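Inspection log for the structure reproduced underneath, given as structure tokens.
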Amino acid sequence: MRIGGFQRLTLVDFPGKVAASVFTQGCNFRCGYCHNPELVLPRLFQAPLPVELVFDYLSGRQGKLEGVVITGGEPTLQKGLADFIMQIKEMGFAVKLDTNGSQPEVLSSLFELNLLDYIAMDIKSSLDKYSRVSGVFCDTRKIQESINLIIKSGVPYQFRTTLIKEFCSQKDLCDIRLLIKKADHYVLQPFILSQKMVDGRCHQSQYTAMEVELLKSKYDRSKLDGK
């Protein structure tokens, strides 16, 4: 496990739980608007944190913290991910995984081993725009497979999309809804411009706050009708 960051307390990243967050190094996407370039671009990597630092902290927080969020970067690229989660679970913590959905075979294995208590997957755009959004060639069959695995897993989940006009027109959002038509939890989140992004030249066009609320009222709901 290459750990690029460790947040000892979060009240917002694991629904319903007080948690810590582990940030893994490395990602196979290059989304220009990503706010974590130090976890994505190898030239910005710092020396990984020792895994023992995480476990030492967690051992002292048993009975106080409820869960651990594993995010990135893209955690499913980590060779030791399953073993890392097993150790966390053995300590009595629930585990939430954040993923871009590009490694369905890893997700399938984690589900089979009953290692996840919650999973969140970013859906970047409609499938035909995926390679443009991610900045690399993307096999969208794997994205679809991950979506289906998550829906059928029985594990609580959330699908989410960052609202960027170029990649999230109303047609794109309609296509995404068809893509996840059997899902019951989908969230739209506004894009926040930052000086710290994967592509420093990236100045994405933004929806206004009113436009965001209108889109959320139409597409962002805890229960999709499945039609």
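Name the most mobile residue of Pro50, Pro156, Pro75, meaning the one with the largest mean-square fluctuation, in a Gaussian network model of the chain with Cα contacts below 10 Å.
Taking springs between Cα atoms under 10 Å, the residue moving most is Pro50.
For Glu211, Glu105, give me the order by solvent-accessible area with a 1.4 Å probe, most accessible first, ignoring ligands, DNA and RNA.
Glu105, Glu211
Using a 1.4 Å probe over the heavy atoms of the protein chains, calculate the carbon and sulfur portion of the accessible area of the stretch 47-159 as a whole percent. Spell out each step's value before the answer.
Numbers: 2390 of 4860 Å².
Solvent-exposed carbon and sulfur of the stretch 47-159 make up 49 percent of the total.
Can you compute the equivalent ellipsoid semi-axes for the stretch 86-127, i.e. the square root of 5 times each eigenvalue of the Cα gyration tensor, sorted largest first and rounded to whole Å?
Each semi-axis is √(5λ); the values are 23, 12, 6 Å.
Only helices at least 27 Å long along their own axis, judged from Cα atoms, and with Kyte-Doolittle mean hydropathy of -0.5 or greater: name those in the chain from DSSP H.
Values: long enough: none.
The qualifying helices: there are none.
Taking a 1.4 Å probe, which of Ser153, Ser217, Ser21 shows the most accessible area, and what order do the others take after it?
Details: Ser153 40, Ser217 85, Ser21 0 Å².
Output order, biggest surface exposure first: Ser217, Ser153, Ser21.
Tell me the per residue accessible area of the stretch 1-146 using a 1.4 Å probe; a whole number in Å² is fine.
Solvent-accessible surface per residue comes out at 44 Å².
Could you order Phe23, Phe137 by accessible surface area, starting with the largest, using a probe radius of 1.4 Å?
Listed by decreasing accessible area, they come as Phe137, Phe23.
Treat every Asp and Glu Cβ in the chain as -1 and every Lys and Arg Cβ as +1, leave all other atoms uncharged, and give the resulting dipole magnitude about the Cα centre to the nearest 20 debye.
My answer is approximately 460 debye.
What is the distance in Å between the Cα centroid of the stretch 128-143 and that of the stretch 1-49?
21 Å
Please give the calculated 222 nm ellipticity per residue for the chain, where each DSSP H segment of at least 4 residues contributes -39500 (n - 2.57) and the sum is spread over every residue; nearest 500 deg cm²/dmol?
The helix-only estimate for the chain comes to -9000 deg cm²/dmol at 222 nm.
Using alpha-carbon positions, what is the distance between the centroids of the stretch 175-193 and the stretch 62-112, in Å?
Measuring centre to centre over Cα atoms gives 22 Å.
The values are calculated or read from the model by the stated rules, or taken from the named source; none is laboratory data. Nothing here was measured: the structure is a model prediction, and the numbers come from that model. Neighbour counts run over all protein chains shown; Cβ positions are idealised from the backbone, glycine included. For the accessible areas, the whole protein counts, side chains as well, though only heavy atoms, and no ligand, DNA or RNA atoms are used. Shrake-Rupley method; radii C 1.70, N 1.55, O 1.52, S 1.80 Å.
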